[in-house]
Amino acid sequence: MKIIFLFCLLPGILTAADFFDDFESYTPGDDLADSADWYSIDPSGDLIVTEEGSNTIVESLWNGYDDVTYACLGAADWSDGMVSADLMFRGEDVMYGLPVRMNSSTGECYMGCLYAIYPPYGSTLIMHIDENGVQTILDSDPFHSQSPDTWYHVSFEVTGNDPVSLKFSVNGTMYSEFQDDTYKLGPGLSGLWGFSGGILEGFYADDFDVDDYSAAMASTTFGAIKALFR
């Protein structure tokens, strides 16, 4: 399987910021990319807003492709921080997760994801995806069981530059960790991604959250500076 990103974003993404989207402001049937906060990467399927009980979420539609990738423009480029979301799958042979430090010109990124191979058999993965869509597994937990129709809160933390520290957690427990001193990707976008081995399988997302550590640091530093002049 190759993950291929082919996209170039327009100028205008300047300042990273904390970001949260629970998709409650959308109307069922909306394509997430119709908002200013999200961008659908071609080739891909779609992430469509739908209702699950009383909750508004997004679901994957493959449209003949086997993967779907959306970049979050609302958080812009960021370097050190954590991206998290509630994720769920249905079917089998579904891989779904969170890209970070995604280069807006080449698509190169790190990926933290869950892989439901043959439920309940599954794994967690941290991967590097190069500009040609070729994936290299950096770390994995090959015995992470997963069940369909079950929400998992996943988070992917990225900090540092040489090495880059990568930590992927599920429901508050870290399952995969890697110190990257080879690729050393710089600031980039985050988003949602999924792969399906069949047209009936899919993944679902809710409560996408970006915690930009550098923004928090800048705010604290600025506050400290202001205090000097009181």
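Throughout, read-outs are computed from the coordinates displayed, never taken from laboratory work. Bear in mind the structure is a predicted one, so any value in this text is a computation, not a measurement. In this analysis, Cβ positions are derived from the backbone assuming ideal geometry, glycine residues included, and neighbour counts consider all displayed protein chains.
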Item to complete: Starting from the Cα gyration tensor of segment 43-115, take the square roots of the eigenvalues, sort them a ≥ b ≥ c, and report rounded, prolate or oblate (rounded when a/c is under 1.5, otherwise prolate if a/b is larger than b/c, else oblate).
Response: prolate
Worksheet item: Taking every pair of alpha-carbon atoms in segment 19-225, what share in percent sits in each 10 Å bin, from 0 to the bin with the longest distance?
Response: 9, 37, 38, 14, 2, 0
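Got a sec? How would TYR152, TYR118 order by Cβ neighbour count within 10 Å, fewest to most?
By the 10 Å Cβ count, ascending, the order reads TYR118, TYR152.
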Response to the item:
Residue span ASP31 to GLU131: 0.36 nm per residue of separation minus Cα-Cα distance leaves a gain in nm of 33.4 nm
Item to complete: Compute the FRET efficiency between GLU52 and GLN179 as 1/(1 + (r/R0)^6), taking r as their Cβ-Cβ distance and R0 = 41 Å, and round to the nearest 0.05.
Response: 0.65
